[in-house]
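Input: a single structure, listed below in structure tokens.
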Amino acid sequence: MALLACIALSSFLFTADPKGNLSISPVRVFPSKTNRYPRRKQEMGFVNFNISADLTSLFHWKTKQLFLYLEAEYQNTQGILCVNNTVVVWDRIVRRKEDAVINFAGKNKYAFREISSSFKKVPSSHYSLKYNVMPYVGVLTYGEAARTAEAVDFVWEEHV
Amino acid sequence: MFGKLGLRVFLLQAMTISSSLASPFMIWKGLSLVTNTESPVVVVLSGSMEPAFYRGDILFLTNPRPESEEPQSLYKTGDILVYKIPGKDIPIVHRVIEAHDFYSEIVPSDADEGVAESTSDTAQDAGRGGSQRSPRSDLKQLMLTKGDNNPVDDLGLYDGLDWLERRHIVGRVRGYLPYVGYISIFLNEARQLLLSRPGAFSLKHILYSKWRAS
């Protein structure tokens, strides 16, 4: 029991803080519909991005896997309420140190939509690459590897 | 009947037994208070969070109170939460992939260019907002979760709800211990087996005691 506690507490000794690079193209917004409410209009955002990061320093003897996720953050208002929105658009599980060097260009895995159905009131969004270190035993830790320095605009394509 | 010494010994034994029964219960309840969750330790029952969590693993939960002004009381994307849908008994352990945090803040009148100027972008910083923000006890969040091993999000599990709210959350996973939970799963299934076949149990008991006696 004491051994397990020591192993668990040793999570705090690891202070790696790897950084990477993110580049995001302007988000293209298209009108669409959701599966659940087919009559309701819902705008969808399409994010094309480029990620590069070297996360090998996060892999030590206690690391079981890394969960990486790219998330979009933006603000909106609803009446007098101010809403902070965070949406994960892409994620990846890394189970080996060799796979921890990320060089990936792609688009969002998950639907990027606004709860108010439209992005019109949202000026721009920021993106960050975060990670969750999941140990064999012990405390789960989180960190941020990269963040966009400038806000990314929303772009409405000409549509019919 | 006991004799003077016998009574003391008996009382001492009774006290030892009842304190050893009460201690785990007290520890459990104490842990619940400290972590602010109704079940600070849970066992993983399904494979929807593999390869991180397997059936039989143990998870340690916390649930910081919003009134304590801790920035961690805000649930964020990436957090692994245990939640229960009202009407369904089984708690589910999945990861937050969308979070929408509602603050009742008066929007500043000079913010015509958008609300971005009044706050910083991360949900983390929002916790330290200070004077512009209303007390955290009325914090409303709408969340969407998904199991790492599932291809789609949990919307179908919400039993008609469009979003998870703070009131559905039992706690957030902070720590992890593999395999140990199998004891609990095993005990639960053994208990169900015994309860469902009481006749068989007592028959075995009778046979066993006859065998002992002979």
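I'm checking my understanding of the structure. Among residues of segment A:101-115 that are more than 10 Å from chain B (Cβ to nearest Cβ) and open to solvent by less than 50 Å² (accessible area, probe 1.4 Å), which one is nearest to B:Val180 (Cα to Cα)?
A:Ile102
Which of the residues that make up segment B:170-189 are β-branched (Val, Ile, Thr) and within 14 Å of chain A (Cβ to nearest Cβ)?
The answer is B:Val173, B:Val180.
Assuming B:Gly175 fulfils every condition listed in (1) assigned to a helix (DSSP H, G or I); (2) more than 17 Å from B:Ala99 (Cβ to Cβ) apart from one, which condition is it?
Among (1) assigned to a helix (DSSP H, G or I); (2) more than 17 Å from B:Ala99 (Cβ to Cβ), B:Gly175 violates only (1).
Quick check on A:Ser125: is it of a type in the set (Gly, Ala, Ser), surrounded by 16 or more Cβ atoms within 10 Å (Cβ to Cβ) and more than 7 Å from every other protein chain (Cβ to nearest Cβ)?
It is true that A:Ser125 is of a type in the set (Gly, Ala, Ser), surrounded by 16 or more Cβ atoms within 10 Å (Cβ to Cβ) and more than 7 Å from every other protein chain (Cβ to nearest Cβ).
Of all residues in segment A:128-155 being in a strand (DSSP E or B) and among the β-branched types (Val, Ile, Thr), which is nearest to the other protein chains (Cβ to nearest Cβ)?
This residue is A:Val139.
Kindly state which strands (runs of 3 or more DSSP E) lie completely within segment A:22-87 and contain at least 1 residues that are facing chain B (nearest Cβ under 10 Å) and touching a residue at least 40 places away in the same chain (Cβ under 8 Å).
Answer list for segment A:22-87: A:63-78.
Would you point out the residue of segment B:56-91, among those that are in contact with a Gly (Cβ under 6 Å, 6 or more places away or on another chain) and part of a loop (DSSP other than H, G, I, E, B), that is modelled with the lowest pLDDT?
Selected residue: B:Asn63.
Name the residues in segment A:88-125 that are assigned to a loop (DSSP other than H, G, I, E, B) and in contact with a Pro (Cβ under 8 Å, 6 or more places away or on another chain), would you?
So the first thing to find is which residues in segment A:88-125 are assigned to a loop (DSSP other than H, G, I, E, B), and the list is A:95-96, A:108-111, A:114-123.
If the condition is that a residue be assigned to a loop (DSSP other than H, G, I, E, B) and in contact with a Pro (Cβ under 8 Å, 6 or more places away or on another chain), then A:Arg95 is the only one that fits.
The values are calculated or read from the model by the stated rules, or taken from the named source; none is laboratory data. On a predicted model such as this, the values are computed, not experimentally measured, just so you know. Positions of Cβ are generated from backbone atoms using ideal geometry, with glycine treated the same way; all protein chains shown enter the neighbour counts. Ligands, DNA and RNA are excluded from the accessible area calculation, which covers all protein heavy atoms including side chains. Shrake-Rupley method; radii C 1.70, N 1.55, O 1.52, S 1.80 Å.
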